[in-house]
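Structure record follows, encoded as structure tokens.
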Amino acid sequence: DKIEVIPNFICPTHYQNDLKSPWRKTFSPNDEAILVHVSNFRPVKRPLDCIEILAKIREKGVSAKLLMVGDGPELSACEYRSEQFGIKDHVSFVGKRANISDYLAIADLFLLPSASESFGLAALEAQACEVPVIASLVGGVSEVISDNETGFLSDVGNTEKMSKDAVKLINDEEMRISFGKRARELAVSRYSTTEVIPKYINFYEKVLGA
């Protein structure tokens, strides 16, 4: 039998960039770059790598903040690791949030260092908000992120390369904006509700008709 693959989707009007939001000042009072990670904090998501990436970024003399959105078994380890690296004042653990788009809208970069991803929906949502993604090259991530065009892909655990890629984008505003605009363009053209939902409807109608 033929297998049909229908991807996840995003609502382009719900996920939009808003770097001028006054709320950004809450997390970045001195206009530091904002990095965001969203997950369930399971080991497979490697949230500890995000802490290490931020530490390496700051070691390179770049001012940045990290927003950790979500909750899970690795949360306390992330809090402890941020203290070990001496960066706890630069990491905000905001817990579970219903409206993830509020955080993505004010971000400069999105971190997805997972050991495994079937698709990478969080990365897609970030890209819809014009946020370049630093991610691991695993699973279906390469379907969502175009390396060196909408973000950068690295081997799992290569926090040194991830931090260098992040610094490159933070320091080069023109590149970061270009990546972000291309990211939203691809996200909307390939994965918007108007593109994907009709595919689901057609598939259900075909199955019911059979």
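The values are calculated or read from the model by the stated rules, or taken from the named source; none is laboratory data. As the structure is a prediction and not an experimental result, all values here were calculated from the model. Glycine also receives a Cβ, built like all others from the backbone with ideal geometry; neighbour counts cover every protein chain displayed. Surface areas here come from the heavy atoms of the whole protein model, side chains and all, with no ligands, DNA or RNA. Shrake-Rupley method; radii C 1.70, N 1.55, O 1.52, S 1.80 Å.
Need the list of lysines near Lys2 for cross-linking: C-alpha distance under 17 angstrom, and skip anything on the same chain fewer than eight residues off. Those lysines meeting the cut-off are Lys199, Lys206. Axis of helix 47-59 versus longest Cα principal axis of the chain: the two differ by about 50°, to the nearest ten degrees. When shorter helices are ignored and each DSSP H run of at least 4 residues is given -39500 (n - 2.57), the per-residue value for the chain at 222 nm works out to -13000 deg cm²/dmol.
Helix 173-191 and the longest principal axis of the Cα set of the chain meet at an angle near 20°. In the chain, Cα pairs under 8 Å separated by at least six residues give a relative contact order of 24 percent.
Across the range 86-210, C-alpha contacts under 8 Å between residues 6 or more apart give a mean separation that, scaled by the residue count, equals a relative contact order of 22 percent. Annotation: amide H-H contacts under 5 Å for Ile34 (H modelled 1.01 Å from N, sequence separation of 5 or more, or interchain): Lys65, Asp108, Leu109. Protein heavy-atom surface of the range 1-88, 1.4 angstrom probe: 48% of the accessible area is carbon and sulfur, with nucleic acids and ligands not counted. Of the listed residues Thr193, Thr159, the order by accessible area with a 1.4 Å probe, largest first, is Thr193, Thr159. Considering only Asp71, Asp108, Asp31, the Gaussian network model of the chain with Cα springs below 10 Å gives its largest mean-square fluctuation to Asp31.
Here each label is just a point 7 Å from Cα along the line to Cβ, and for Val62 and Val196 those points are 2.9 nm apart. Across Ala183, Ala115, Ala98, mean-square fluctuation computed from a Gaussian network of the chain (C-alpha pairs under 10 Å connected) peaks at Ala98.
Using a probe of 1.4 Å, the accessible surface attributed to Ser116 totals some 70 Å² when neighbouring protein chains are kept in position.
Build a GNM of the chain with springs between Cα atoms under 10 Å apart, and of Ser63, Ser118, Ser146 the one that fluctuates most is Ser118.
Taking all protein chains as shown and a probe of 1.4 angstrom, Arg184 keeps an accessible surface of around 50 Å². In the chain, the longest principal axis of the Cα atoms and the axis of helix 159-171 are about 90 degrees apart. The residues of the chain expose, per residue, 49 Å² of accessible area to a 1.4 Å probe. Taking each of Lys20/Lys161; Lys65/Lys88; Lys25/Lys168 in turn, the alpha-carbon distance tops 21 angstrom for Lys20/Lys161; Lys25/Lys168.
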